[in-house]
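First up is the structure itself, then whatever we jot down about it.
The values are calculated or read from the model by the stated rules, or taken from the named source; none is laboratory data. Nothing here was measured: the structure is a model prediction, and the numbers come from that model. Virtual Cβ from ideal backbone geometry, glycine too; neighbours counted across all protein chains shown.
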Amino acid sequence: MKSEGTGNKRQTRNTRALEDIPSQFLEVPAVARHLDAIRADLIANAHVFLGEPEDAPPLDLAMNRYRANPLLRSTESDGGAPVVYADAPEIGFLLGRIEHIPHMGALLTDFTQIKAGELHRANGGYLLIDAERVLASPMAWGTLKRCLRAREIVIASPMQGSSTLTAVVLEPEPVPLDVKVIMFGERELLFNLAALDPDFSELFKVAADFDDVMPRTSENEHLFCGLIAGIARNEAERPLTAAACCAVIERAARLAGDAERLTLRIGWLADLVREADHWAGAEASKLIDARHIRRTVGEQTRRVDLVRERLQEQITRETVMIATDGTAIGQINGLAVLQAGNIAFGRPSLITARVRMGRGHVVDIEREVALGGPTHSKGVLILAGFLAARYAPDVPMSLAATLVFEQSYGGIDGDSASSAELYALLSALAQLPLRQDVAVTGSVNQMGKVQAIGGVNEKVEGFFDICAARGLTGNQGVLIPVANIKHLMLRSDVVEACGAGRFHVYAVSHIDEGIALLAGRSAGARGSDGAFPTGSVNRLVEDRLAGFAEMRRKFTNPEAL
């Protein structure tokens, strides 16, 4: 048996260990209260440590209740505030979680199973979070907002509220939260979030919109070369030659869709350099040259080019009717951009127009069958306004016209074909054939000015590919707006064909310029007498509309039309 004096000595040793804790921890009230509770519990349960060896519990089990469970461990060498990126912003990873151990059909837990979350790790510092990921995770966005508003982290057990499982549930005390959250994502997503959720603007006061392109100046090109070299050092085994850097810059301008801009999508450029390094290695080259960059671009396109090839095949096999030579009245080749996954490509579409005497309506067949979008319908209405104001300002607009994209079985939107539609209408009214070897893109306003459109490179290349497959004649080309010249970053084969005179890119600023090129006849301008020159395109159109108006006046019952 053990004497009472021996028990008192052991008890004294157990409680004396608490006195060795550094004094700076004792200055924290919560820590001091916790240590006082441990001291009281040790005294009250001293018999647990004084039992005989055969009936005493294992020391680890006896001491488990006194163990600390630090959620975080930091080192003095860390220096500044913590910066944490939450790559999996689910509730359990943001707030922390309470893990459970299955035992005898029940789920057991204790305070040692409490695990820290990203908010704990970022407390006192910064939390970086992807907006798309946090919104995709169920309840994560609402939970994050509650924590930021309450300025505390509450760890909830996933077993709370469960009626199907027998589990021990803990309710840890809230942890004070002092964190700056930096949410990043696509600007459209963040703009929509700010518009749809009023809490967003209240919680996130500072907004920064970073551009994904930069001006293509000589200074920026020099800096861009340094960026490319840094990517090569980190992502490739070989350095780039000066010619390769120039090729990457050209590709960056193409990805930006602007000859005067460079993309800042570093991921795209890194993919380009990595694959070019692979092709350089396949040739046992010690350097990445321009040919490796060009091959990479070609291979990246080839791997995802099946849809474009199939659509082009439909045209070359004349399943889809697209003429690339000759002339025709009331029809023209328009150009559209199709998106298939990560690739965008241009595709010509036949646009036809029919006219007759009527009551001043231009019917968009695409709209009538619910295939035309609002922007496309707006473009067609602009055409009607242009025709009425220019050719029938003082007489009733007595025209009935129909416009349609032939062999189009999907939705159509955008106004980039409105100039092509207007050319087709003018051709049908003037009874003048248009060149079919020139495709057209560009929108038009009510004054007849041709406006810039998107996807100009893809559109030019799309028509070029069809013409090249059938054989370039030297007369084929594409009509684009003058405002799109600065956006041209065409493939090398298109540039070579244009340089050799086998293909052409024409730029116009007004409908009169375009119709003159397509019809091979002057558009004509009003003289001092207010009339268009005889035989000009505009005179033929005006005379035809005047004839429609005269015929309409002969009808006593307009409803009979």
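Below is a table of values for the structure above.
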read-out: Of the criteria (1) in contact with a strand residue (DSSP E or B) (Cβ under 8 Å, 6 or more places away or on another chain); (2) farther than 22 Å from residue 309 by Cα, which one residue 385 fails; value: (1)
read-out: Single residue of region 74-91 satisfying the filter (of a type outside the set (Val, Ile, Thr), outside any loop (DSSP other than H, G, I, E, B) and at pLDDT 80 or above) that is surrounded by the fewest Cβ atoms within 10 Å (Cβ to Cβ); value: 85
read-out: Residue match in region 519-527 (condition: of a type in the set (A, V, I, L, M), part of a helix (DSSP H, G or I) and either buried (at least 20 other Cβ atoms within 10 Å of the Cβ) or in contact (Cβ under 8 Å) with a residue 40 or more places away in the chain (or both)); value: yes
read-out: Subset of region 371-401 that is surrounded by fewer than 18 Cβ atoms within 10 Å (Cβ to Cβ) and of a type in the set (S, T, N, Q) - its residue that is nearest to residue 356 (Cα to Cα); value: 377
read-out: Evaluation of residue 17 against (1) in a loop (DSSP other than H, G, I, E, B); (2) modelled with pLDDT under 70; (3) not acidic (Asp, Glu) (one fails), failing number; value: (1)
read-out: Strands (runs of 3 or more DSSP E) contained in region 335-415 and holding at least 1 residues among the basic types (Lys, Arg) and at pLDDT 80 or above; value: 343-357
read-out: Region 407-420 residues that are under 20 Å from residue 444 (Cβ atoms), paired with ones that are surrounded by fewer than 18 Cβ atoms within 10 Å (Cβ to Cβ) (beta carbon under 6 Å, 6 or more apart); value: 413/373; 413/375; 414/375; 415/375
read-out: Counted residues, region 459-509 - those being among the hydroxyl-bearing types (Ser, Thr, Tyr) and outside any loop (DSSP other than H, G, I, E, B); value: 2
read-out: Criterion: crowded, with 23+ Cβ neighbours inside 10 Å and assigned by TED's automatic domain parsing to the domain that holds residue 526 - qualifying residue of 422, 472, 432; value: 422
read-out: Elements of type helices (runs of 4 or more DSSP H) contained in region 26-73, each with 3 or more residues being over 30 Å from residue 118 (Cα atoms) and modelled with pLDDT of 65 or more; value: 29-44, 46-50
read-out: Region 212-237: number of residues that are among the charged types (D, E, K, R) and in a helix (DSSP H, G or I); value: 4
read-out: Pairs where the first residue, in region 182-211, is more than 14 Å from residue 148 (Cα to Cα) and acidic (Asp, Glu) and the second is assigned to a loop (DSSP other than H, G, I, E, B) and modelled with pLDDT of 90 or more, C-beta under 9 Å, 6+ apart; value: 211/264
